1. Kindly indicate whether any position in the range 46-61 is loosely packed, with under 13 Cβ neighbours inside 10 Å, small (Gly, Ala, Ser) and either in contact with a helix residue (DSSP H, G or I) (Cβ under 9 Å, 6 or more places away or on another chain) or modelled with pLDDT of 80 or more (or both).
2. Any idea how many residues of the range 36-62 are farther than 29 Å from Leu157 by Cβ and not acidic (Asp, Glu)?
3. Here are Thr178, Thr210, Thr218: which of them is within 26 Å of Gly76 (Cβ to Cβ), in contact with a strand residue (DSSP E or B) (Cβ under 9 Å, 6 or more places away or on another chain) and either buried (at least 19 other Cβ atoms within 10 Å of the Cβ) or of a type in the set (Ser, Thr, Tyr) (or both)?
4. Have a look at Leu92, Leu161, Leu157, Leu135 and point out the one that is within 14 Å of Thr210 (Cα to Cα), assigned to a loop (DSSP other than H, G, I, E, B) and of a type in the set (A, V, I, L, M).
5. What is the number of the single condition among (1) under 20 Å from Ala43 (Cα atoms); (2) at pLDDT 95 or above that Asn111 does not meet?
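The values are calculated or read from the model by the stated rules, or taken from the named source; none is laboratory data. Model, not experiment: these values are computed from the prediction. In this analysis, Cβ positions are derived from the backbone assuming ideal geometry, glycine residues included, and neighbour counts consider all displayed protein chains.
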Amino acid sequence: MKYIKKHLSTIVIVIIFMVGLGLLAYPTVANWWNNNMASHAVANYTEAIQNLDTSEYDALMESARSYNEALLSNYGRFNPTDSEHADYESQLSVDDSDVMGSISIPNVKINLPIYHGTSEEVLAVGAGHLEGSSLPIGGIGTHTIITGHRGLPSAKLFTDLDQVVEGDYVVLKVMNETLTYQIDTIRIVLPNEIDSLSIDPNQDLCTLVTCTPYGVNTHRMLLTGHRVENRKEFELTKEAKQVNSKMVALFIAIPLLVILFVWLMWSDRKKKNIGKEVDEDEE
């Protein structure tokens with residue numbers, strides 16, 4: 001207790017310093033954490049896919065193809081009934097996971113898991129597949145729509161999507177399939193203007209959707225691409241890094257403890273020096 005009283009001012013200064021440092025570091029650390037969690041989710045999904053036997057895998061793919069075919073004649077596809085929603089949630093679901101694949105945009109270094117739906121919980125940690133759009137398995141007569149947030153302090157997600165230009169590539173990894181799309185159209189529309197998201201029975205399309213302008217979010221940015229052949233340099237790795245939570249804790253805690261220790265040592269030494277100077281003056 002005496003030590004605390006003696007060094008109270010130093011402790012208060014250190015706490016203020018650490019809080020300030022934490023606020024400055026939060027976006028970077030939070031984004032790093034989110035990226036690792038995303039990698040962990042993709043790794044678990046990939047492992048689950050590899051553990052499927054052939055009959056299970058074929059059944060999931062056949063069900064997804066049937067789902068996509070039914071969308072061609074479902075004009076209320078963006079307003080599903082309860083039974084249609086339940087059917088959607090079961091599609092491409094492995095081990096009851098909400099992950100249905102992953103998305104990579106190499107030119108802006110975006111790598112995220114794709115989850116079922118576009119709830120706030122989903123969009124806070126990854127990309128969301130818009131229910132009512134084609135499942136991302138490719139094929140003529142499909143149009144898959146992937147959505148993502150911009151500007152979250154905790155994760156970059158689709159923040160850099162405005163840097164994507166026509167000609168850039170989008171790579172989807174779903175089940176054991178790799179689908180590559182080349183962006184050919186970029187549009188800014190109002191939230192209710194979804195005519196451009198219709199399914200073309202003669203094309204295989206993918207559209208990315210995010211809010212714009214940055215921080216205002218009154219409109220939607222739509223980036224649409226057509227299916228092209230896969231490119232070796234853009235192939236997604238089959239294995240993603242697993243996250244060790246203990247290592248994460250150490251990574252964050254050790255630098256903070258070192259800074260705290262150095263600050264206390266410096267402050268204590270400074271006070272001792274001041275004390276010596278006072279004693280010398282008195283003499």
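1. yes
2. Total meeting the criteria: 4.
3. Thr210
4. Leu157
5. Answer for Asn111: the failing condition is (2).
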